[in-house]
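The next block holds one structure in the form of structure tokens; read it before the comments.
Just so it is clear, none of the values below were taken in a lab; they were calculated from the coordinates. Everything quoted here is computed from the prediction, not taken from an experiment. Please note: Cβ atoms are built from the backbone with ideal geometry, for glycine as well, and neighbour counts cover all protein chains shown.
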Amino acid sequence: MTSQRTRDRMIERLREQKIRNRNVLATMRQIPRHLFVDEALASRAYEDSALPIGLRQTISQPYVVARMTELILEDGKPDSVLEVGTGSGYQTAILASLTAQVYTVERLTQLQQRARRCLQSLDLHNIEYLHSDGGWGWPDHAPYDAILVTAAPAEIPTGLLGQMAANGVMVIPIGEGRHQELTKITRTSKGEFEAEVIESVTFVPLLTGSQ
Ligand code: SAH
């Protein structure tokens, strides 16, 4: 249930769901998603669903990971990416395989430590980790070519907008409750922001503070 064949079937499903980016598909074919979930759930790791990772958080559904990654690669390959909400580290692994440098922020130290161990065991070293409230972004390394947020705020944190590079993109679920809108924000070379709603999604909420 954790074999390459099972992973290949996941890729076939992603194709059927209209994921087109070959690099995204190739990377998701390689990264062992089952290592990012508890052993008891490993046999379900390649189903197209979110799964619990403890502390009331979830590893995002493969389709959503693929779609968000595709969206940030749409206008060219970003050199630096800020990820808010490391969680299991699965999305981080995909980003680190496809871009030069990933900065990832997580508010729960326990999840962050587990994710870091898993990513290091996969020899992914172009990742820097911060234990903090990611609603503030990570100003030290800004501006970012791409920002990917994997928990939903009611409104876009303005601090994050300020950390986008010119021509940069941010992909973020926005809204309260179970139904949010996955939104792609582009910062034009003139510094203006344009928003495009992509589709409905369900993420855990972006919370404040860290523990
Ligand atoms: N991409 C992750 C998604 C994890 S769920 C994965 O596929 O595993 C969302 C994560 O965002 C959780 O780990 C949660 O703790 C974290 N989170 C929520 N609010 C946050 C905040 N303000 N700053 C940083 N991380 C946050």
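If you plug the beta carbon distance of Asn167 and Met1 into 1/(1 + (r/R0)^6) with R0 = 35 Å, you get a FRET efficiency near 0.25. Residue separation of Glu74 and His141 scaled by 0.36 nm, minus their Cα-Cα distance, works out to 21.9 nm of gained length. Taking other residues whose beta carbon is less than 13 angstrom from the beta carbon of Gly175, and scoring Lys, Arg as +1 and Asp, Glu as -1, yields -3.
Counted over the chain, the DSSP beta bridges are approximately 45% antiparallel. For the chain, a Kirkwood hydrodynamic radius built from all Cα pairs, placed in the Stokes-Einstein relation at 10 °C and 1.306 mPa s, yields a translational diffusion coefficient of 94 µm²/s. I need the shape label for region 25-91. Rule: rounded when a/c is under 1.5, else prolate if a/b > b/c, else oblate, with a, b, c from the alpha carbon gyration tensor. Prolate. Near the amide H of Tyr144, within less than 5 Å, lie the amide hydrogens of Met164, Ala165, all on another chain or at least 5 residues away, with H placed in the peptide plane.
The long axis of helix 109-121 is offset from the longest Cα principal axis of the chain by roughly 60 degrees.
At an R0 of 35 angstrom, the distance between the Cβ atoms of Asp38 and Glu192 translates into a FRET efficiency of 0.20.
Its DSSP H runs of at least 4 residues, each contributing -39,500 (n - 2.57), put the calculated 222 nm mean residue ellipticity of the chain at -8500 deg cm²/dmol, to the nearest 500.
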